[in-house]
Amino acid sequence: MNSTSIRRVAGPSLAVLALGLAVSACGAGNEAATTTDSSSTSLSGTLNGAGSSAQQSAQSAWSAAFGKANSGVTINYDPSGSGAGVEQFNAGAIDFAGSDAALDPTKGEVAAANKRCGADVLEVPDYVSPIAVVFNVKGITKLNLDAATIGKIFSGTITKWNDAAIAALNPGATLPSTGINPIHRSDDSGTTNNFTDYLFQASGGTWKSEANKTWPLKSGEGAAGTSGVISAVKAGDGAIGYADDSQVGTLDTAAIKVGSAWTAPSADGAAKALLASPLDTTRAAGDMAIKVDRTTTAAGAYPLMLTSYLIACPTYSADKAKVVKAYLASIVSTAGQQLAATSAGAAPLPADLQTKAAAIIDGITSK
């Protein structure tokens, strides 16, 4: 789905939600707009963001609603992928980034972001969504796959759709002998980071590589961006891939095994998995990185999910600080989270995480 169609679908709710977003922006601090009348708002300027392609649908809706409430502000968001977004942010090329993986201190990302900001970088969750295992197999519309089998498929150990391991999980299904073509992201991707993290934690050893934004193997076919993966899976019988559930369109999705239950991707399931996961307490006070428990067996949880983050500095120039603070506050507000739910099928942040994120954003000041 492109940005134009996203805004058209979200359109009926924007007029109502714009009011709520403007009110939320006011709550971000005294520097933000103090009126719900978009024609008289004091905010003006341009914000440039980039990163997570999973956030594309939500960012389109958020920016449209914020622009309606703040006519003097232009927000540009390039869904170039989480890795590219982090690189551009750390280089000072954009004002904020979206990333489906928290900044990695072991790879120098936190240090680079702190250097760019001149202080500890801010990182707050803003978008919670299931990652769907999408497939295109002629004659098959329902499929059960556990983490061990998904690990074997994407590592190239299982190569045919009628493999005994897949058949055992799908009794009664007539599986073809079609070859499996696993599709992965060719760009550095937070979705890949979450997918490989799930496989490493939950596959029981069939997947050997730890979480990584870069696809770690030479097997399978690479495609750029979420849209690229979706297009590649659609294009070939026997293909399988992974993508943010908001962008699967007409593709079929597999149910994964959680405990003894087969669980389909859902926003509610992603939220339940998030609730079962702790914050990373080794981070700085303004960094809300979450250690997702991919092995949870909580009822209804869907641990193959992503928690996407907003990455920003704690200080900006005076005018820029006002706009960054107001826009990010609108995203994590109740109205903003509901807009992401209606426009992209995301799960709203749990109340305690929403409160913590809002408080961190409220601390953004001018230099």
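Results, tabulated for the structure shown:
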| quantity | calculated |
| --- | --- |
| Scan of segment 242-279 for residues that are in a strand (DSSP E or B), surrounded by fewer than 20 Cβ atoms within 10 Å (Cβ to Cβ) and of a type in the set (D, E, K, R), ordered by number | Asp252, Lys257 |
| Number of positions in segment 25-71 that are in a loop (DSSP other than H, G, I, E, B), within 25 Å of the chain's Cα centre (by Cα), at pLDDT 90 or above and closer than 19 Å to Ala335 by Cα | 1 |
| Subset tally (residues that are surrounded by fewer than 24 Cβ atoms within 10 Å (Cβ to Cβ), over 17 Å from Lys291 (Cα atoms) and over 14 Å from the mean Cα position of the chain (by Cα)) for segment 185-209 | 8 |
| Val86 vs. criteria closer than 30 Å to Lys234 by Cα, touching a helix residue (DSSP H, G or I) at 6+ places or on another chain (Cβ under 8 Å), among the β-branched types (Val, Ile, Thr) and not assigned by TED's automatic domain parsing to the domain that holds Asp252 | yes |
| In segment 163-214, the residues that are among the aliphatic types (A, V, I, L, M) and in a loop (DSSP other than H, G, I, E, B) | Ala173, Leu175, Ile180, Ala211 |
| Filtered residues of segment 225-266 (kept if under 18 Å from the mean Cα position of the chain (by Cα) and without any contact (Cβ under 8 Å) to a residue 40 or more places away in the chain) | Ala264 |
| Check on Ala102, aliphatic (A, V, I, L, M), in a loop (DSSP other than H, G, I, E, B) and either assigned by TED's automatic domain parsing to the domain that holds Cys313 or within 23 Å of Lys213 (Cβ to Cβ) (or both) | yes |
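Results for (1) in a helix (DSSP H, G or I); (2) crowded, with 21+ Cβ neighbours inside 10 Å; (3) modelled with pLDDT of 95 or more; (4) assigned by TED's automatic domain parsing to the domain that holds Gln337, shown as yes or no for each residue.
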site	(1), (2), (3), (4)
Arg116	yes, no, yes, yes
Ala119	no, no, yes, yes
Glu123	no, yes, yes, yes
Thr149	yes, yes, yes, no
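The values are calculated or read from the model by the stated rules, or taken from the named source; none is laboratory data. All values reported here derive from a predicted model rather than from experimental measurement. Ideal geometry is used to build each Cβ from the backbone, glycine not excepted, and the neighbour counts take in all protein chains shown.
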